[in-house]
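What follows is one structure encoded as structure tokens, with my remarks underneath.
Here, each number is a calculation from the coordinates, and none is a lab measurement. Predicted model only: the values in this text are computed from it and were never measured. Neighbour counts are summed over all protein chains in view; Cβ atoms, including those assigned to glycine, are modelled from backbone coordinates with ideal geometry.
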Amino acid sequence: MAFESYNDFLSTLEKNGELRRITFPVATELEITEIADREMKIPGGGQALLFEKPTVQGKPADLPLAINTLGSHKRMALALGRDSVKEAAAELGSLMHAKPPTGFREAIQLLSSALELRHAKPKQVGNGPCKDIIHRFDSTASTEELASTPLPTLLNLPIQQCWPDDGGRFITLPCVVTQDPDTGARNIGMYRMQVFDDQTTGMHWQLQKVAARHGRRYYDKGERMPVSVFLGGDPVYPFCATAPLPDGLDELLLAGYLRRKSVPLVKCETNNLQVPANADIVIEGFVDPTEPLRSEGPFGDHTGYYTLPEDYPAFHITAITHRSDAVYPSTIVGQPPMEDFYLGGASVALFLPIFQMNFPEIVDIALPAEGVFHNLVFVSIKKTYPMQAYKIMHGLWGMGQMMFSKYIVVVDDDVDVHNTSEVLFRMGANTDPQRDSILTRGPADVLDHATPEIAIGSKMGLDATRKLPGEGFKREWPPIIKMDETIKRKVDELLGS
């Protein structure tokens with residue numbers, strides 16, 4: 001199902017009992033965070049919240065604010081237009097494993113799979129609702145025109161100050177569009193943006209991110225870098241912006257596939273980048289490689305700690321456009337569980353078939369909430385030969401953002417990796433710390449405050465699988481305690497369960 005605006009998505013959430021409206025004024029300074037944080041801590045993620053009257057420094061904001069809209073398994077499935085995230089993963093997996101047909105039946109099945117991709121490629125359109133209202137900061141509009149049209153700036157959008165020690169207000173759910181100046185390849189990433197003033201923000205793209213690589217090419221050339229940011233529209237957009245896609249693969253291809261409809265693109269007003277025509281808000285501008293970096297932060301981050309100030313590029317805004325019925329989408333991060341746990345879980349589920357193409361022994365992968373994405377990874381495998389768990393550790397550390405994984409725990413295929421208690425039981429029972437652990441070094445998450453240097457740290461792998469003789473285990477491995485299935489069925493009958 002394709003959503004044509006964030007309002008469209010919110011209406012679907014409301015029909016499904018997944019949305020609560022907050023009709024009284026609530027401050028974007030800390031108060032919305034406290035309400036949203038309490039909601040996110042409810043088992044299962046609580047409900048999405050629509051703040052109809054957010055305030056900025058005591059004054060009504062121009063737009064309503066929606067938060068926690070993707071913060072449950074059900075809402076993630078609704079955003080993807082499926083009954084479950086696993087359904088979307090199964091569809092993608094069938095495409096990834098497509099092979100030349102050997103008969104008519106297989107040919108029909110392959111054709112069906114191919115038709116699912118017919119809308120994947122974005123299409124150019126002439127205009128769109130994201131331009132219902134246009135504010136060019138270099139506009140020469142008359143006083144009468146300015147008075148008759150509400151013109152948004154960063155100071156009257158409901159941008160939150162999330163936590164008490166934050167360095168200011170942060171846009172937290174932006175889809176940031178950049179382009180490789182050499183190849184023209186587009187990237188859409190998600191990087192927090194601290195508001196410096198009504199026309200300037202920070203651009204927190206970390207050094208390993210694709211946008212940072214694009215930026216380095218512009219810096220090498222000494223050319224101004226065009227950047228555009230969009231918010232809202234179809235909820236698959238922020239999901240795709242955070243998805244661990246292979247480098248060079250356009251996020252809008254994935255968006256078109258998931259929504260079963262091409263993403264309509266319009267050219268921006270003040271640069272040549274393209275953004276979805278059905279976005280709610282578009283912020284256009286540039287990064288100037290000739291100016292010094294600016295201090296950005298602190299920011300209460302997904303690690304559960306504040307990220308301390310560091311220098312990042314400044315983003316200069318040349319235009320803001322938005323729909324006449326725009327909603328400002330937001331999120332907060334902090335001590336888990338938070339909304340981002342469900343986004344990350346959906347990404348892992350969706351891309352599990354890709355991991356399995358490289359490592360067919362992988363059964364499942366989980367990123368428990370306590371690990372805040374990169375700190376802890378649980379992997380179950382169908383183990384058939386000695387040292388196979390170590391192969392998986394090294395392989396995953398070499399795949400995209402998995403390079404940031406601090407701890408990888410590998411267990412056997414009979415373990416539910418989504419049950420943290422079960423994984424920890426096997427880790428405690430099946431490991432000898434010296435024999436079954438490995439330490440290595442590599443790139444680290446820039447946000448990790450525990451590393452000795454920024455972006456450089458160590459990693460640990462733990463083999464919690466059943467040990468084989470070839471792994472130096474000379475004792476007999478005991479069976480795990482399990483009740484006989486016949487007895488279990490008989491007791492079920494006796495108890496009427």
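Give the calculated FRET efficiency between LYS391 and HIS418 to the nearest 0.05, with a Förster radius of 25 Å applied to their Cβ-Cβ distance. E(calc), rounded to 0.05, equals 0.65.
When the scattering of the chain is computed by the Debye formula from its Cα atoms alone, each counted once and equally, what is log10 I(q)/I(0) at q = 0.09, 0.12, 0.14 Å⁻¹? Normalising to I(0) and taking log10 leaves -0.68, -1.15, -1.49.
Treat the range 273-386 as a sphere of radius equal to its Kirkwood radius over Cα pairs and apply Stokes-Einstein at 4 °C in a medium of 1.567 mPa s; give the translational diffusion coefficient in µm²/s, rounded to a whole number. Stokes-Einstein gives a translational diffusion coefficient of 71 µm²/s.
Note on the range 121-330: Kirkwood hydrodynamic radius from all Cα pairs is 17.5 Å, rounded to one decimal.
Sequence gap at least 6, Cα distance under 8 Å: using those rules, report the relative contact order of the range 368-497 to the nearest whole percent.
Value for the range 368-497: 25 percent.
Taking θ as phi - 60° and the Karplus parameters 6.51, -1.76 and 1.60, the scalar couplings of the range 329-340 work out to x, 9, 8, 10, 10, x, 5, x, x, 10, 4, 5 Hz in sequence order, x denoting glycine and proline.
Applying D = kT/(6 pi eta Rh) to the range 349-400, where Rh is the Kirkwood radius over alpha-carbon pairs, T corresponds to 37 °C and eta to 0.692 mPa s, the Stokes-Einstein value obtained is 283 µm²/s.
Each peptide in 448-458, 375-385, 36-46 gets a packing score, the mean of other Cβ atoms within 10 Å over its residues, and the list from highest to lowest is 375-385, 36-46, 448-458.
Amide H to amide H distances under 5 Å link LEU376 with LYS406, TYR407, where only residues 5 or more positions off or on other chains count and H is placed in the peptide plane. Percent of C-alpha pairs per 5 Å bin in the range 322-443, short distances first: 2, 10, 19, 23, 19, 12, 6, 3, 3, 2, 1, 1, 0. For the range 422-497 versus the range 192-227, the spacing of their alpha-carbon centroids is 41 Å.
So which lysines pass the test for LYS391, namely a Cα distance under 19 Å, with those fewer than 8 places away in the same chain ruled out? Output for LYS391: LYS382, LYS383, LYS406, LYS459, LYS467.
Based on Cα contacts under 8 Å between residues 6+ apart, the chain shows a relative contact order of 15 percent. Note that the range 153-169 has calculated 3J(HN,Hα) couplings of 10, 5, 8, 10, 7, x, 7, 7, 8, 7, 10, x, 9, 4, x, x, 8 Hz, one per residue in order, obtained from phi through the Karplus relation 6.51 cos²θ - 1.76 cosθ + 1.60 (θ = phi - 60°); glycine and proline are x. In the frame of its principal axes, the range 1-52 has Cα extents of 34, 25, 15 Å, reported largest first. Around ASP280, under 14 Å between beta carbons, what's the net of Lys plus Arg minus Asp minus Glu among the other residues? Neighbour charge sum, excluding ASP280 itself: -4. For ALA27, the residues whose amide H sits under 5 Å from its own are ILE32, THR55, ignoring neighbours fewer than 5 places away on the same chain, with H placed 1.01 Å from N.
Residues whose amide H falls under 5 Å from that of TYR306, counting only those 5 or more places apart or on a different chain, are ASP301, with hydrogens built in the peptide plane.
Length available on full extension from ASP247 to SER295: 0.36 nm per residue minus the Cα-Cα distance, which gives 14.4 nm.
Calculated mean residue ellipticity, 222 nm, the chain: -8000 deg cm²/dmol, from DSSP H runs (n ≥ 4) at -39500 (n - 2.57) each, averaged per residue and rounded to 500.
As a length-normalised measure over Cα pairs under 8 Å and 6 or more apart, the relative contact order of the range 121-330 settles at 31 percent.
Sorting 223-234, 81-92 by their mean Cβ neighbour count within 10 Å, with the most densely packed peptide first, gives 223-234, 81-92. Ordering 484-492, 400-408, 286-294, 187-195 by mean Cβ neighbour count within 10 Å, with the highest value first, yields 187-195, 400-408, 286-294, 484-492. Compared with the direct C-alpha span, the chain from MET460 to LYS59 gains 139.4 nm at full extension, assuming 0.36 nm per residue.
Backbone geometry of the range 214-219 corresponds, through the Karplus equation with coefficients 6.51, -1.76 and 1.60 at θ = phi - 60°, to 3J(HN,Hα) couplings of 4, x, 4, 5, 5, 5 Hz, x marking Gly and Pro.
The local environment of LEU70, defined by Cβ-Cβ distances under 14 Å, has a net charge of -2 under the rule Lys, Arg +1 and Asp, Glu -1.
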